[in-house]
1. Could you give the size of the charge dipole of region 23-68 about its Cα centre, using +1 on the Cβ of each K and R and -1 on the Cβ of each D and E, expressed in debye and rounded to the nearest 20?
2. Nearest 500 deg cm²/dmol is fine: what mean residue ellipticity at 222 nm does the chain get from its DSSP H runs of n ≥ 4 alone, each adding -39,500 (n - 2.57), divided by its residue count?
3. Length gain on complete extension for the stretch R119 to H100, per 0.36 nm per residue less the alpha carbon to alpha carbon distance?
4. Across the chain, how many lysine pairs, 8 or more apart or on two chains, come within less than 17 Å at their alpha-carbon atoms?
5. Where does helix 70-80 land angle-wise versus the long Cα axis of the chain, in degrees 0 to 90, nearest 10?
6. Let me check the size of the chain from its C-alpha atoms; what are the radius of gyration and Dmax in Å?
7. Can you give me the P(r) profile for region 61-111? Cα pairs, bins 10 angstrom wide beginning at 0, each as a whole percent.
8. Placing +1 on the Cβ of each Lys and Arg and -1 on the Cβ of each Asp and Glu in region 40-94, which of G82, G72, I92 has its Cα farthest towards the positive end of the resulting dipole?
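The values are calculated or read from the model by the stated rules, or taken from the named source; none is laboratory data. Owing to the predicted nature of the structure, the values given are computational and were not obtained by experimental measurement. Every residue, glycine among them, receives a Cβ derived from its backbone with ideal geometry; neighbour counts consider all protein chains shown. Remember, those area values only see protein heavy atoms, side chains included, never the ligands or the DNA or RNA. Shrake-Rupley method; radii C 1.70, N 1.55, O 1.52, S 1.80 Å.
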Amino acid sequence: MAKYTFVVLTNPTSGKEAEYNKWYNEQHIPDVLNVPGFVAAQRFRLADAQMGDENPHRYLALYEIETADLAGALKELKARVGTADMVMSDAIDLKGVGAHIFTPVAEKVQAKDVLRPRRAA
């Protein structure tokens, strides 16, 4: 079965951040994980320290998908949006959502496996 990572970048509606986080954690993630093929999820908030200044999204959700039919899983996800199976909230700013699916091109590499002395300049 193929594995994918679904990357979703979002922001709350102005003035509704607490409602957005409650909805996302307690309602939305369980709704998404009830879609066949979606097996795990984790959310992140933008950290204070960044490499650059351009950060249009303050929140990130990573969903793990395991399926032999990615198109079918996505079709089912889309079919549920806005229904009783996937209640949406006005606390999420839907205009600026970024959502992309990635497939691995290499195995995960651990730092402990590649540690070496710094190279001379």
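1. Values: 3 positive and 7 negative charges, 15 e Å.
The calculation lands at about 80 debye.
2. On the way: 3 runs with 23 residues, N = 121.
The helix contribution divided over the chain gives -5000 deg cm²/dmol.
3. Working: separation 19, 0.36 × 19 = 6.84 nm, distance 3.59 nm.
Here the answer is 3.2 nm.
4. On the way: K3/K75; K3/K108; K16/K95; K78/K95.
Going through the chain pair by pair, I get 4.
5. 40 degrees
6. Here Rg and the maximum Cα pair distance are 17.3, 60 Å.
7. Distribution as computed: 17, 43, 27, 12, 1 percent.
8. Working it through, the farthest residue towards the positive pole turns out to be G82.
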